[in-house]
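Some notes on the structure that comes next.
The values are calculated or read from the model by the stated rules, or taken from the named source; none is laboratory data. Values in this document were obtained by computation on a predicted structure and should not be read as measured data. Neighbour counts run over all protein chains shown; Cβ positions are idealised from the backbone, glycine included.
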Amino acid sequence: MTALVTVPPPPASRDLARMSDEALLSLVASSDEDALAALYDRFGRIAYGLALRILRDPALAQDAVQEAFLGVWRNADRFLAERAKASTWILTLVHRRAVDLVRREDIRRGEPLERAPEPADPRTAEDEASLGFQRRLVQEALSQLSPEQREALELGYYGGLTQSELAERLGQPLGTIKSRMFTGLSRLRDLLDEAGLEGSYP
Amino acid sequence: MASEPHDLVAAYAMDALDADEEREFERHLASCERCREELASLREAAAGLAYGAVGPTPPPELKQRILAEAKAERPNVIPFPQRRRWTAPIAAAAALAAAFALGVGVWATAHPKSSDPLAAVLAKPGAKVVALGGKGTMAWAPDGSAALALTVPRAPEGKTYEAWVIRNGKAAPAGLFSSSAVFRIDRPVPRGAVVGVTLERAGGVNAPTSAPFLATEAVS
């Protein structure tokens with residue numbers, strides 16, 4: 001047993017880059033700023049793209065992303081009780097903040113169906129390839145929905161419209177909109193599962 | 001509202017309900033396991049849509065602003081006497097781990113027939129020592145076995161410490177203790193998992209009610 005005495009105590013390395021999203025989030029829950037920075041490096045760009053798509057204003061989009069990440073910082077402990085991937089939890093917060101802002105600012109979401117701007121200012125070719133791949137994957141899945149389902153998801157998710165606003169805008173009964181959202185999102189879930197979209201960093 | 005509350009799950013997952021509908025659905029959600037499960041998978045699909053909106057990189061100042069603001073805020077963790085930041089200097093953690101290894105070694109030598117949990121794990125191939133937030137140490141082996149040694153104040157009246165094996169956002173209960181202790185974790189700790197400790201009501205709970213105040217790195 002004397003061998004134990006010489007067990008070199010490997011200083012636990014803080015190789016945040018190799019940790020899972022969930023592990024980082026549990027570090028954030030213990031107020032680890034480096035872990036928050038690492039999560040931002042993974043999801044900041046996706047978060048900003050989403051907020052920009054919804055808000056169409058760089059300053060507001062930055063506000064939404066900032067509030068969402070501070071929400072991650074303050075509430076990471078609550079994540080432990082949620083049955084979700086860390087990426088889902090974070091992007092849900094970002095979406096929520098952006099939608100809250102778009103409703104508060106009453107920004108007229110005239111043409112939410114327009115495509116997102118082309119990715120610009122690539123950091124690295126690898127990042128770009130991976131994000132571009134995920135983006136194509138989602139767009140491919142969306143294109144397999146019926147036009148009505150796709151419209152409901154895009155106006156709802158990217159446009160920030162409520163189901164009642166959608167019904168009014170499309171001149172359809174609320175029940176029809178609910179059904180399109182449900183069948184559309186369920187189908188999208190299956191398509192993304194099949195395609196193996198990993199809601200994480202490259 | 002005449003319709004079934006279940007009908008709202010997709011719109012809820014997409015933040016497409018108004019405030020009243022949202023409250024109504026959340027009341028329903030509290031009592032409907034089926035909707036909670038449906039919501040979890042639909043939320044994941046909705047979050048997938050975020051990847052369809054990838055655009056330009058955000059300005060670098062945004063990250064700096066977020067980190068500065070986070071730093072300025074008081075950390076949202078459970079109050080704990082003599083709590084040390086778990087990012088305490090690695091040197092201190094290493095020293096503590098060494099002390100434990102030494103202590104265990106000496107103790108195990110003095111009690112050769114004993115079955116010290118830490119020593120048992122450390123005897124396995126590839127075993128290593130992982131710091132536990134400056135308050136203790138974990139012995140972990142690649143076969144998933146693990147043991148904890150902690151130095152903590154006695155838990156307050158009516159409370160207990162509870163250990164958790166946390167993986168993929170799910171925390172599984174891994175033992176109760178009320179003061180400094182050395183014990184074997186009675187469930188496997190797979191590669192990539194984190195072991196954390198929370199303070200819970202006496203008797204323990206099935207899911208942590210707060211962030212761990214102590215946590216290891218993800219083991220690998």
For this session: Quick one: which residue in A:Asp41, A:Asp34, A:Asp77, A:Asp63 is at pLDDT below 85, out of contact with any strand residue (DSSP E or B) (no Cβ under 7 Å at 6 or more places or on another chain) and part of a helix (DSSP H, G or I)?
Result: A:Asp77
Exercise. What residue, of A:Arg115, A:Arg109, is surrounded by 18 or more Cβ atoms within 10 Å (Cβ to Cβ), part of a loop (DSSP other than H, G, I, E, B), at pLDDT below 90 and more than 8 Å from chain B (Cβ to nearest Cβ)?
Worked result: A:Arg109
For this session: Consider A:Glu148 carefully, then state whether it is loosely packed, with under 14 Cβ neighbours inside 10 Å, over 19 Å from A:Ile54 (Cα atoms), acidic (Asp, Glu) and modelled with pLDDT of 95 or more.
Result: no
Exercise. Is one or more of the residues making up segment B:205-220 surrounded by fewer than 21 Cβ atoms within 10 Å (Cβ to Cβ), in contact (Cβ under 8 Å) with a residue 60 or more places away in the chain and hydroxyl-bearing (Ser, Thr, Tyr)?
Worked result: yes
For this session: Inspect all residues belonging to segment A:44-52 and state whether any of them is more than 8 Å from every other protein chain (Cβ to nearest Cβ) and crowded, with 24+ Cβ neighbours inside 10 Å.
Result: yes
Exercise. If we only count strands (runs of 3 or more DSSP E) wholly inside segment B:137-220, which ones have 3 or more residues that are within 12 Å of chain A (Cβ to nearest Cβ)?
Worked result: B:159-167, B:170-177, B:194-201
For this session: Could you grab me the full set of residues in segment B:32-43 that are surrounded by fewer than 24 Cβ atoms within 10 Å (Cβ to Cβ) and at the interface with another protein chain (Cβ under 7 Å from one of its Cβ atoms)?
Result: B:Ala40, B:Ser41, B:Leu42
For this session: Would you be able to say whether some residue in segment A:169-178 is of a type outside the set (Ser, Thr, Tyr), closer than 16 Å to B:Leu39 by Cβ and crowded, with 19+ Cβ neighbours inside 10 Å?
Result: yes
Problem set entry | Conditions (1) under 13 Å from the mean Cα position of the chain (by Cα); (2) modelled with pLDDT of 95 or more; (3) crowded, with 20+ Cβ neighbours inside 10 Å: number failed by A:Lys85 | (2)
